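Report on the structure given below.
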Amino acid sequence: MTAPLAWHQFGDPGPSAFSVLFLHGFMGCGKDWEPIAEHLGPGFRCLCPDLPGHGETGQAVDGADADMAQAAAALASGLEERKIRRCALAGYSMGGRLALYLAVHYPQRFACLALESASPGIADPEERKARAQRDEDLAAQLEHLCDDAAFRAFLRRWY
């Protein structure tokens, strides 16, 4: 199974444009990168997919629970479909973790890597376990939000 992704493109659509793959963070979407793409100016093609469970792919049940390998395979496939052999790669937070995975498993595809608020993970087993519990608690909190106002309040706190 390959996770379905919605792709947004900003900037220069021409074949000679230098492509940059931007990966958003948790609760984000590909369109979050549009202001950055505007600052890059001409000559850059910015590819900004909605990662599994986010943005326009958030409603897609099939693939919403994709693991790192499946999400990476979907991104590599999307680059292939767009005939992009090599590009720059940028990721923020959750997208940064996925960018690291891509850079390690598909190194031939990426000319460079830029990360913001991302790390390869937590080395200490106890710290990793505590983080996993915090993530589970957050997921439970999200599952129990019962109205739009509560969800918007969560988003304000999150961002």
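The values are calculated or read from the model by the stated rules, or taken from the named source; none is laboratory data. Values in this document were obtained by computation on a predicted structure and should not be read as measured data. In this analysis, Cβ positions are derived from the backbone assuming ideal geometry, glycine residues included, and neighbour counts consider all displayed protein chains. Protein only, heavy atoms only, side chains kept; ligands, DNA and RNA dropped before computing areas. Shrake-Rupley method; radii C 1.70, N 1.55, O 1.52, S 1.80 Å.
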How charged is the neighbourhood of residue 36? Take every other residue with its Cβ under 15 Å from the Cβ of residue 36, and add Lys/Arg as +1 and Asp/Glu as -1.
-3
Against the longest principal axis of the chain, how steep is helix 125-143, in degrees 0 to 90 to the nearest 10, with axes from Cα atoms?
80
In Å, descending, principal axis extents of the Cα set of the chain
47, 37, 31
Out of the total accessible area of the chain (probe 1.4 Å, heavy atoms of protein only), what percent is carbon and sulfur?
54
What number comes out for accessible area per residue over the chain if the probe is 1.4 Å? Units Å², please.
60
Note to self, the chain gives a 222 nm [θ] from helices alone (DSSP H runs n ≥ 4, -39500 (n - 2.57) apiece, / all residues, nearest 500) of -12500 deg cm²/dmol
Starting from the Cα gyration tensor of region 116-159, take the square roots of the eigenvalues, sort them a ≥ b ≥ c, and report rounded, prolate or oblate (rounded when a/c is under 1.5, otherwise prolate if a/b is larger than b/c, else oblate).
oblate
Taking the Cα atoms only, what angle lies between the long axis of helix 68-81 and the longest principal axis of the chain, rounded to 10 degrees?
30
